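Everything below concerns the one structure shown next.
Each reported figure results from applying straightforward, stated rules to the coordinates on display, with no laboratory input. Because the structure is a prediction, the values reported are computed rather than measured. Cβ placement follows ideal geometry from the backbone for every residue including glycine, while neighbour counts extend to all protein chains displayed.
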Amino acid sequence: MTSSEALLPGTRRALLHRIATAQSEGRAPSLVAAVQRGGQIAWSGSRSCVDGHAPDGDTQFRIGSITKTFTAVLVLRLRDEGLLDLDDPLEKYLPGTSVGHVTVLQLLGHSAGLGAETPAPWWERTPGSSRPDLADVLGEQPLTHPAGRRHHYSNPGYTLLGSLIERLRGDAWAEVLRREILEPLGMDRTTPSARAPHAAGWAVHPWADVMLPEPAEDLGLMAPAGQLWSTASDLLRFASFLARGDDRVLPATSVEEMRTPAAPPEAGEWDGNYGLGLQTVRREGRTLFGHSGSLPGFLAALWFSVDEEVAAVVLSNATSGPLTGTVAADLVRIVADAEPRIPEPWRPLPEVDEELLALTGPWYWGTQVHTLKLVADRGLELRPWRGAGRGARFRANPDGTWTGLDGYYTGETLRVVRAADGTVDHLDLGSFVFTREPYDPGTAVPGGVDEGGWRGLAT
């Protein structure tokens, strides 16, 4: 079986049952969902309260705060082009705000200390024209926490990032978005305003089975925080990009950076975190990335597993009711558990570097045994021989060193230290010395090795 083949009948029925339950119990006028596996749409389904009028993967719904992920991508593009530094204060690029001391990175990761919402009235149900300036978005007391100290979700923070993008690009946020993300990724059904076919937004009465239409306001300056309309099919394209990268938009290294937690989570929320425009959750031992979204009349969720190459989108046109984030995570779980990813065939390296091959095998940090393995692109993997411990993958550098990619050694440098005759003396990893024998007396071990050598109890 390849990842592009259709799902098994039992899996398809489980997916349909999950969204049918969500639509029925959540009392949603309509709900559409789709699952992607290995970069290909593997299943889609929908439910509706009107017979014969169920939405499909091309029906637009408003996606609310999933918009923030698009805005974050545009900021990372500016960084990759050298037009800004994430650690710089906002004032350097967008002068004149009352919060110029907060950094671009803090805004991306919701740790700038800004308030969660704008001053009244509720910005999601009022026209953006009522907040014509950033001062109207921020209010008289824009900060609720010290900058950089904690994660506190902020919609005004992403408004500032949208204005930053406009300042540096010299163009409207929506136009930059279309040109730099939507067109390259083929997302022609993702737009700032609704285009047919699209769902209407509804509020469902909590104590009666009746509905009320919700207004669909243009959010003005708040657009970068929640304006967009999109479809299940388009959002799965976006999920593929966020999992793999695309050099036309952002390389794989930059989207991986987006998935890296940017600030500690709130106390009691250790199963979730936030990177740079992307949320992270842990569900039943599985790490999912993506974002949820809501605006009056609409709920949306996009989750994907990088390891299992499965993504799911759930969209609904209800102000509250179906828990789209939970449903999307459940769809990923159903597919990943029922039809786990088939690993790629093992293949040998295309060529062998004899010097690197000679480095492989056991190495000792003091008395702890590690193994060094050669992988593709001259990379290395250093792992404990058995049990838990510090290990990492390492990327080769042009100068003959390696940089740690994960765990305790992320960003640390691994280098080969040679003796005067050119032979390998030891490996240095952030000052830790790895030798071919435990506390090798012939190697420069910090602190030296006792001249008496190893001994038994009686000596």
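Any idea which of 210, 112, 334 is furthest toward the positive side of the dipole for the chain, if Lys and Arg beta-carbons carry +1 and Asp and Glu beta-carbons -1? Checked the options; the winner is 210.
Name the longest site-free stretch of the chain, where the excluded sites are chymotrypsin sites (Phe, Trp or Tyr not before Pro) in a DSSP loop with no more than 14 other beta-carbon atoms within 10 Å.
Working: sites that count: 122, 207, 270, 346, 385, 454.
Longest run free of exposed loop sites: 1-121.
Considering only 416, 387, 401, the residue lying farthest towards the positive end of the dipole of segment 354-434 is 387, judged by Cα position with unit charges set on Cβ.
What is the sum of charges, Lys and Arg at +1 and Asp and Glu at -1, for the other residues whose Cβ falls under 11 Å from the Cβ of residue 49? Spell out each step's value before the answer.
Numbers: positive: 27, 47; negative: 51, 209.
Local charge sum for residue 49: 0.
Considering only the other residues whose Cβ falls under 15 Å of the Cβ of residue 138, what net charge follows from Lys and Arg at +1 and Asp and Glu at -1? With Lys, Arg at +1 and Asp, Glu at -1, the neighbours total -4. Excluding the site residues themselves, the longest part of the chain lacking any GluC sites (Glu not before Pro) in a DSSP loop with at most 12 other Cβ atoms within 10 Å is 141-268. A dipole drawn for segment 9-338 from +1 and -1 charges on Cβ atoms has a positive end, and of 194, 145, 156 the residue lying farthest that way is 194. For segment 181-320, the Kirkwood radius over C-alpha pairs fed into Stokes-Einstein at 4 °C and 1.567 mPa s yields D = 78 µm² per second. Where q = 0.17 Å⁻¹, what log10 of I(q)/I(0) comes from the Debye formula for segment 354-434, counting one point per Cα? Summing over Cα pairs of segment 354-434 leads to -0.63.
Remark: segment 293-443 carries a charge dipole of roughly 340 debye about the Cα centre, counting +1 on each Lys and Arg Cβ and -1 on each Asp and Glu Cβ.
Return a whole-number percent for the relative contact order of the chain, with Cα pairs under 8 Å and 6 or more residues apart as the contact set. Computed over the chain, the figure is 16 percent.
Using helices alone, what [θ] at 222 nm do you get for the chain, with -39,500 (n - 2.57) per DSSP H run of 4 or more residues, divided over all residues and rounded to the nearest 500? Please report the intermediate quantities before stating the final value.
Numbers: 11 runs with 106 residues, N = 459.
Rounded to the nearest 500, the figure is -6500 deg cm²/dmol.
Summing Cβ point charges (Lys, Arg +1; Asp, Glu -1) relative to the Cα centre of segment 354-434 gives a dipole of roughly 340 debye.
Please give the charge dipole size of segment 256-363, origin at the Cα centre, charges +1 on K and R Cβ atoms and -1 on D and E Cβ atoms. Round to the nearest 20 debye. Let's see the in-between values first.
Numbers: 7 positive and 17 negative charges, 125 e Å.
Roughly 600 debye, rounded to the nearest 20.
Shown here are the Rg and Dmax of the Cα trace of the chain, at 26.1, 88 Å.
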